[in-house]
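Just so it is clear, none of the values below were taken in a lab; they were calculated from the coordinates. Keep in mind that what you see is a predicted model, and the values were worked out from it rather than measured. So basically every Cβ, Gly included, is an ideal-geometry build from the backbone, and we count neighbours across all protein chains shown.
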Amino acid sequence: MAPPWQRVVWCIWVHSGMVDRMPLLTDQSTRAHELAALLGGLEQQPGPRYGALATRVQELLGTGALPVGTRLPAERELAEALGVSRVTVASAYRTLREEGYARTRHGLGTVTELPRGPVLEWPLPQDEDGVVNLAHAATPASPHLLPAYTRALELLPGALAGSGYHLDGLPALRQAVADRFTARGLPTDPDQVVITGGVMDAVGLVTSVLLSPGDRVLLEHPTYPGTVQLVTDLGAVPVPVPVDPTDPDALVQTAHTAARQSAPRLAYLMPDHSNPSGATLSAAGRRRLAATLWQQGTVTLVDEVTSGLHLDDDGPAPPFAAGVPDAATVTVGGLSKSVWGGLRVGWLRTDAALAARLADTYSHRQPAVGVLDQLAAAFLVADLDRVLADRRAELRAGRDVLTAALAELLPDWSPYPSTGGLSLWCRLPAGLSSAAVARAAMVEGVRVAEGRAFGTGAAFDDHLRLPFTRPAAEVRAALAVLARVAGRGGSASPVRAV
Ligand SMILES: Cc1ncc(COP(=O)(O)O)c(C=O)c1O
């Protein structure tokens, strides 16, 4: 049976003050019972009972286990389910309202939300002197990069007689990308492919063309911060759907419910090693979810930046887009994780008509991606199986180093199981704030991305993402700093949630 949080009813998190008025479907007494199960034993918590209740609700919101926008049970019903007085629940709800974790909505009662703190700045991925950067899951360049550029340079003279403008992308690269999709089980013609300057460039293009202010966008929660930023900048409204890294396919049901209730225009999903949760949808899960979203009229923007980076299993699941009409999805991909972030070449793949529309908008904004880069990318894409095999071997070793260092230096940090990708998503021990850890570590020359960066509102302060993309010595040194600032084995004072 699905865990209780999956059955918690969704209404919409309102990022910009817009109000969702959709009916709520779950019956209240069930929800009081479900929430009581989620809350666990309050008697173990220190301090007054109402404070423990409020804190526990905040924790559940922080992890996404209790979605933002959930109508809380009536005070009397929750009091009965918990075996506490109604005054206790009323005081807890008042505390939640005062601290920005809930508000009273006319006709709906008390609805969870997150404090409207300043939007977290997502730090740009740049190298800084004297700083170990674990904020970004970015690898050094693949050894395949330079030979690809050497071969590209040999071809460049043959391209110089033309104008250098290829509005949809260099034909050889579009062909190579199309062939790769076809080989993966998603038949694709080159006219379904548009070349962009990296994956985020493609995400920015698709969101700007398909979204209007007020449109809803279903997002995994936690998710990739760059996309949250793009979506909210366009005035669209994120609908976060919790991801359970220990049960990735649970997303099929939660996303289905959220899509039914909120009719999103777009769903942004990372089916392979989702960033940061690491969750990977099974072949059956992605087939069901793709069909469900398409039936609801939602286009899925599939981010494949980490596709092919499976580190444990025998092979990758089929593309999310296989099995639904081409117009149901726009799949974006690129070479920034498999080859190098400095190679600014990406692509999108959808049906030919939508691809032409997207290419038209793109060509007004950016008439062409660099020809030399595209020539090199064409070689790399044609040889991607070999490139990926080498990258996977490096990442496997990196994950071993990080896992061992975590076990030794931070044994009470709990990484979720990982089957691939570039990072581990860790749950911190109770009371430890990842924002505070990040601040303290920065003082000691280690940059990490705090958990809240991957959530909407202030969720995930009790999580931290740790990439395994840096050399072993850097990772070990950085973890020693994290251990020290987290109050383990060192002189720095412990950093706790405030
Ligand atoms: C999920 C996801 N999408 C896109 C990007 C950015 O890709 P690119 O550098 O190709 O724009 C990243 C980088 O970390 C990412 O994690």
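Overview of results
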{"read-out": "Relative contact order [Cα under 8 Å, 6+ residues apart], region 299-367, whole percent", "value": "30"}
{"read-out": "The chain - convex hull of the alpha-carbon atoms, volume per residue in Å³", "value": "143"}
{"read-out": "Span-like helix ranges in the chain, DSSP H, alpha carbon extent 15 angstrom or more, Kyte mean at least 0.0", "value": "28-39, 145-159, 199-210, 371-382, 384-409, 472-485"}
{"read-out": "Neighbour-count ranking [beta-carbon atoms within 10 angstrom, fewest first] of Thr223, Thr298", "value": "Thr298, Thr223"}
{"read-out": "Farthest positive-ward along region 83-219 dipole, Cα basis, beta-carbon charges - from Leu155, Gln175, Pro143", "value": "Gln175"}
{"read-out": "Per-residue [θ]222 nm for the chain (sum of -39500 (n - 2.57) over DSSP H runs n ≥ 4, rounded to 500)", "value": "-13000 deg cm²/dmol"}
{"read-out": "The chain: relative contact order as a whole-number percent, Cα under 8 Å and 6+ apart", "value": "18"}
{"read-out": "Given charges at beta-carbon only (K, R positive; D, E negative), |dipole| of region 145-382 in Debye", "value": "300"}
{"read-out": "Cα-projected label distance for Ala407 with Asp127, points at 7 Å along beta-carbon direction, nm", "value": "3.2"}
{"read-out": "Student exercise, region 345-498 dipole from Lys, Arg, Asp, Glu Cβ charges, in Debye to nearest 20", "value": "280"}
{"read-out": "P(r) tail fraction, region 145-382 - alpha-carbon pairs more than 23 Å apart, %", "value": "46"}
{"read-out": "Cβ-defined net charge surrounding Ala355, 11 Å radius [Lys, Arg +1; Asp, Glu -1]", "value": "-3"}
{"read-out": "Top positive-direction residue, dipole computed over the chain with Cβ charges, set Gly370, Thr306, Gly40", "value": "Gly40"}
{"read-out": "Label-point gap, in nm, between Arg151 and Thr232 - each point 7 angstrom along Cα→Cβ", "value": "4.3"}
{"read-out": "Extension gain from Ala284 to Asp247, taking 0.36 nm per residue of separation minus the Cα-Cα distance", "value": "12.0 nm"}
{"read-out": "Rounded to the nearest 20 debye, dipole of the chain from Cβ charges on Lys, Arg, Asp, Glu", "value": "960"}
{"read-out": "Efficiency of FRET between Arg260 and Ser163 - r from beta-carbon atoms, R0 51 angstrom, step 0.05", "value": "0.55"}
{"read-out": "Per-residue Cβ neighbour rank within 10 angstrom, fewest leading, Tyr416, Tyr165", "value": "Tyr165, Tyr416"}
{"read-out": "Modelled label reach - Asp385, point 7 Å along Cα→Cβ, region 288-326 residues with backbone N closer than 11 Å", "value": "none"}
{"read-out": "Alpha-carbon centroid distance for the pair region 365-394 / region 273-331, whole angstrom", "value": "21"}
{"read-out": "For region 145-382: relative contact order, % (alpha-carbon pairs under 8 angstrom, 6 or more apart)", "value": "30"}
{"read-out": "Binned Cα-Cα distance frequencies in region 70-207 - 5 Å width, integer %", "value": "2, 7, 8, 10, 10, 9, 8, 7, 7, 8, 7, 7, 5, 3, 2, 1, 0"}
{"read-out": "Virtual spin-label span in nm between Thr182 and Ala37, 7 Å along Cα→Cβ", "value": "5.0"}
{"read-out": "Antiparallel %, DSSP beta bridges [both residues in the chain], to 5", "value": "50"}
{"read-out": "Estimated vicinal HN-Hα couplings, Hz - region 333-349 in sequence order (Karplus 6.51, -1.76, 1.60; Gly, Pro = x)", "value": "x, x, 10, 5, 9, 6, 10, 5, x, x, 8, 8, 10, x, 7, 10, 9"}
